[in-house]
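In what follows, a single structure is set out as C-alpha cells and then discussed.
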C-alpha cells in the first residue's frame, strides 16, 4: 500500500520557508502574493489496506508531524491533495528516480524505531501559491527558484504523484568487448561516443597494447583506463613536457613545484605529493594533513549537490590519508560571476551567479555542519568570466597520529568497501571534469551530478577511526573520482587485485558491471583488511550502522582482474594502467599584458570612495555566508572568521588548536588574486603566495613552519597562452617556495574550465589558489584584527608603491591597468620573519594584513569590532617608487594601492622601541594612533583630514553589500504560538 | 568517586568529544556510548549518574531536528532516563540534545505523566542556520547548572532553535513553574531583537529545566565557551590564561556546577 503524508504549518504559524521561497520566485522574475511550504513524504507499507492505513496514520502523528506547529493530510495512493481556500496554484518538487534522498533514510529509521512497518520512503516538497499568475510561468520560475531540473522533477498544478518504491529494471548481463578500429577517425569516435575523454594518441596507445595481447578490450577495461588516465586522476598536462620561451620541462610540475620541496628537504615535511593529502609534523604524537580539491563542473550544474559532494570528497581525502586522519577544520574558496549580473548576460544553459552562490553555500553548510567539521576560513572572489564555470575549492585539514602514516595493501588482504551503497550517480565524473562545460551539460551530464549524504560519511568516519586505532586494516583510500576503479586500482598498484563486482552492495538493481566499477557514488572508502581481522572489522562497522562488504582480494599478480557473476570481465596489466599513458609535449607562450595604465583623477571625497571600495563584492563582508557555517564545532577555534565586539572585524586566518589539552595550534589561510594574472601570471603567483603567507603571519604563526598547497584552475591547456600562464605561475611557486623556505606539500589542478555557447568558448581567467597551513607555537599569543586599546600606536610595516594594476580600486572604475603589485621575495622573507617574532614576543595588540582595497580597507576593518577608533597620517606612510604606476604621492594611491607584504599593527606605546628595533631595516613607520572616538580619521598629504567616517557607518556598508536575504520581513519580531507578541 | 556521565553517541551527533572533555576537566568520568548499545541493553544507563545528549545532527535532522533520535529514545529508553532523574541524576541536552529532550516531552515536563510534547524548537525566524555569539541570562531558581541572574556569553549554531510553546497557557505554566533556564538578552540586559535573539524564540527562551532542576536543555553551546580563549571579542583587558586549568570561559560554569552537584 502506498500513502503520502503532507505536513504543513498551522495557519497561525509564520512560514519562514514559504517566505524565502516567495523571495526566490521574485528574484526569478515572478511576483506572487504568498507561498506556503509543504513537506511531503511518500510511504510504502506492507500488509492489508486497513492495517497499512492505521500504521500510516501513526507514522504521520508520531514521526513526521510536529504536534505544536504543524498539521498533516494523509493521502491514499493517487488521491489528489486537498484544495485550500486562498491557494491558486501548487508547485511540486521531487527528486528524480535514482537521485539520493538522504531524508528518506531518517524516516525509515524513525518509523522502525517506533515499531511500525515501512518498506520504503521518499521525500518531496510542495509549495502552495497565492497569486494571479499562470501555471506555465510559475513552472518556469519554480524551475529557476525552487529546484533544479538536473536532479528534480518540478511541476506546477501537475497531477503526478510521488511514489515511494522505484525499481529500475534489471538489465541482462552480457560481457561486452569494444573493437578498436584501425582507422584513426573511427578510433577517436570510440572515445567520444563512450564519453571517455581519451585523446587520439591515447586511443592509439591503447589499441597498440591490445593488439599486442591479441584481443579487444572489454568495456570495463576501457573505462578503467579512461578513468585512470583522466586529467582529473593523472594530471598529465601539467606533469607533461612543456616548451616555453626556449626552456623545456620534461615534467613541468616535477621540475618546478616538487623540485623546490625536494631541494628544501625540510625535516618537518612528513609526506608530500604521494598520499591523498600533504602531511606535516605537528607535535610529538600527531601530524597535520592538508588537502584542497576543486569540484567545479558538478557545482556549475547542481550547485548544492556539487558543493556538498566537494566537501564530502575532500573530507574523504583526509580520511584516506595515511591510515586515516580525523578532519579538524575546513576551508572553502569560491570564484563566481558577479551576484548582481544582469540576467541577459548569463550564457544560455548556465545558472545565474547568485543561484550558484546560494546553492554552493547551502551545500557546504549542510554537508560540513552535519559532519561536525568547522568551516573556519575561506574566501570568495567575483568575476564575470566565472559565470558559466564557477570554481569551488574545498579544503580539509586533518589530525593524524604520527605512527599512522605508512600504509600498504598486502597480497592476501581482503578488499573491503564500506559506507554508502553504489548507484548510478556520478558516472563519468572524472572524465566529465576533464571536459569543457556547454549549454547542454545540464541535461547530458546530469548522471555526473551527485547528492551527498553527510550522515553516512560521518558514520564511516566514527567507525573507521576506531578500526584504525585497533589496527584492523593495512591500507585505506577514498572512493573519489573514478570510483572503485581508481581506489582499488591505486591500492593494488604495487601488488595486484581481483574483484567480484556482483558483491558490491547496490542502492537499487539494474546497474551494469562497468557502472558498478566506475560509479562515483558518495561516502565510500576502500580498506585492505588482513583476513584475520575480517570478522572484528565487520562487527565493529555493523555496530556503528556502517555497511562494509568484502568485494575481492589483493594479490601479487601485478594484474587487476574483474569478475561479474563468476565470469572474467577484465584483466589489466597494472604497469600499463599506471605508466602506459603516452607522453605529450605541449608548447606554451608567455603572455604580453594588453591593458594600459589608466589616468584616473583623484576623487573629491575619499570617504565616499572608501564606502564604494568596502561595498565591492571582493572586499565586502562575507558574513551572510560565514555565519551559515558551523565554525566552532570541536571546540578548537581560537581565531574565528570575525573578531571583536559584535564579531564585526574580519580576521586574516583561522587559528585552531586541534587538541583540547594543548595550546599548540595551526593557522590556515588562502591567497588568490585572479585579476592580476591577466597582467602577469608570474606576478599573480607570487601575490597569491604573499597573501596566504601574510594571513598566517598576521595571526601570529611561525614564518619558518609554513607549508603551501597549489590549486591551478585554467582553461584548455592545448592553447599555448593558457599553458604559458600556468607554467609561469608554477615558476613563481618554485621561486617563492625556495626564497621563503615554504615547501609545497600537495596540490591539484583543474583544467578545461571553459564554457561553450553558440557564440564561442569562454575560458575562466587562469587562477591560482594558494592555501597555507602554519604552526602556531602557543595559541594564547594568536593576534586578531580589531583594535584593542586607547593610545596605541599604529605601525605600518612594508613599503607602499603605486601598484594598482588588477586592484579593487581600478576594478571599480572598470580598469585593469598594468602596474601589478610586485613581490620582492627577499623583502618578504625578512618581513615575515620579523613580524612572526613580534607576535611571539607578545608585542602586537592587533594586526591586519593589507590586501584588497589597501590601507584604507585594512584600517577600517580594524575599527569595526573595536571600542576605539583610528587616526592615520598619510604623510608618514613608507613609500617607494614603482616602475609602472602613477605617482605614489597621492592620497588615493596611498589609500588604495595593493602593494604586497604590508601589515597594519597596533602597538602599545611602551613597546614601540622594541618593535622598531625588531623590525630593523624592514620598511616601517608609525602612521597614526588609536583614538577614543569610534571613527576612522585620515589626514592626507596636504595636511587636511580627507576621511572622517564613523566606524559603524563604514561597517554597515561593508556588511550590507553581500547580505542576500536578511531574515525574512521582520526578524526582530518575536513570533509566538499565535504569531503574536 | 568521580561522577560518571554517559555521553550519548548516535549517527550525526558531533559534539561528543568536546562535551565529554568539558565534564572531565571539572572532575567527572565520562564514557561515550553509541545509542545502538543502549537500545540493546537499557540497563547500561543504570551505571551512570548523568546523561549528556550532545549537539549535532542526529540522523541528519531531516524529518525535524532531533525527531528521529527522540522517537528512538521514546520507545526504548524513556523509562531508563526517567529513572536516572528520579534517583538524583543529571541530564544535559545541548542544541540537538535539547531538541531531543523537548520532542521527548521530558522538557519542560510541566504536565504529568511526562511524555507528551509541550513545546517545540523549530525553524529560525531567519530561515537560516547561524553560528554567532549571544548573551544569555539565567532565569531559573531551581536550575542546578547556573545561578539565577547570571549572564553568560556563548555561541549558538543552529537552524531550528525557535522555541514555540503549545499555546499561551502552556507558556504561562512553564514560566509559573520556573522552567525557563535561560533567555537571550543583550550585553546590557535589555530586550533583545535579532541578532541578540538569534532565532525569534517566544519570550526569548534559550533553555529549559525540568521540575527537579537537574535536567537542562539549551540551544547555545556551553562547551564551545569552556575556554576563555574561545571568546571572539577578546579586548584590551583580556589576560591570556596561564594554564589550561585556569582557562575558564563562561560556558565552563554549566559543567562545573553539574559535577559539583553530583559530588554533593
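What follows draws every value from the coordinates through simple rules; no lab data is involved. As the structure is a computational prediction, the values presented were derived from the model and not from experiment. As a convention, Cβ positions derive from the backbone with ideal geometry for all residues, glycine included, and neighbour counts pool all protein chains shown.
Summary of computed values
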| read-out | value |
| --- | --- |
| Segment A:492-579: antiparallel DSSP beta bridges as a percent of all, rounded to 5 | 70 |
| Principal-axis tilt of helix A:720-740 within chain A, Cα atoms, nearest 10 degrees | 60 |
| Using alpha-carbon coordinates, inclination of helix A:606-615 to the longest axis of chain A, degrees | 20 |
| Residue mean of other protein chain beta carbons inside 10 Å, A:946-954 | 0 |
| Cubic angstrom per residue, convex hull over Cα atoms of segment A:234-297 | 114 |
| Between helix A:303-319 and chain A: long-axis angle, C-alpha atoms, 0 to 90°, nearest 10 | 90 |
| Fraction of antiparallel bridges per DSSP, the protein assembly as shown only, in percent to nearest 5 | 80 |
| Per-residue Cβ neighbour rank within 10 angstrom, fewest leading, A:108, A:476, A:381 | A:108, A:381, A:476 |
| Where only C-alpha atoms are counted, convex hull volume of segment A:815-905 per residue in Å³ | 112 |
| Intensity falloff of segment A:290-339 expressed as log10 I(q)/I(0), Debye formula with alpha-carbon point scatterers, at q = 0.14, 0.32 Å⁻¹ | -0.39, -1.25 |
| Alpha-carbon centroid distance for the pair segment A:903-966 / segment A:629-675, whole angstrom | 22 |
| Projected area, mean over directions - segment A:155-244, Cα convex hull, nm² | 11.6 |
| Percent breakdown of C-alpha pair distances by 5 Å bin, ordered from the shortest bin, for segment B:4-263 | 1, 6, 14, 19, 21, 18, 11, 6, 2, 1, 0 |
| Spherically averaged projected area of segment A:758-841 from its Cα convex hull (nm²) | 10.0 |
| Fraction of alpha-carbon pairs over 24 Å apart in segment B:109-227 - percent | 20 |
| Taking A:373, A:518 and counting other C-beta atoms within 10 Å, the order from fewest to most | A:518, A:373 |
| Neighbour-count order for B:72, A:898, fewest beta carbons within 10 angstrom listed first | B:72, A:898 |
| Per-residue [θ]222 nm for chain A (sum of -39500 (n - 2.57) over DSSP H runs n ≥ 4, rounded to 500) | -9000 deg cm²/dmol |
| Cα centroid separation, segment A:487-566 to segment A:755-790 (Å) | 38 |
| Cα-only radius of gyration and Dmax that characterise segment B:1-81, units Å | 12.6, 41 |
| Square roots of 5 times each gyration tensor eigenvalue, C-alpha, segment A:39-158, largest first, Å | 28, 17, 13 |
| Mean shadow area of the protein assembly as shown over all directions, Cα convex hull, nm² | 45.7 |
| Size-normalised alpha-carbon gyration radius of segment A:651-795, reference 2.2 N^0.38 Å | 1.24 |
| Stretch gain in nm, segment residue A:193-residue A:285, where the contour uses 0.36 nm per residue and the Cα spacing is subtracted | 27.9 nm |
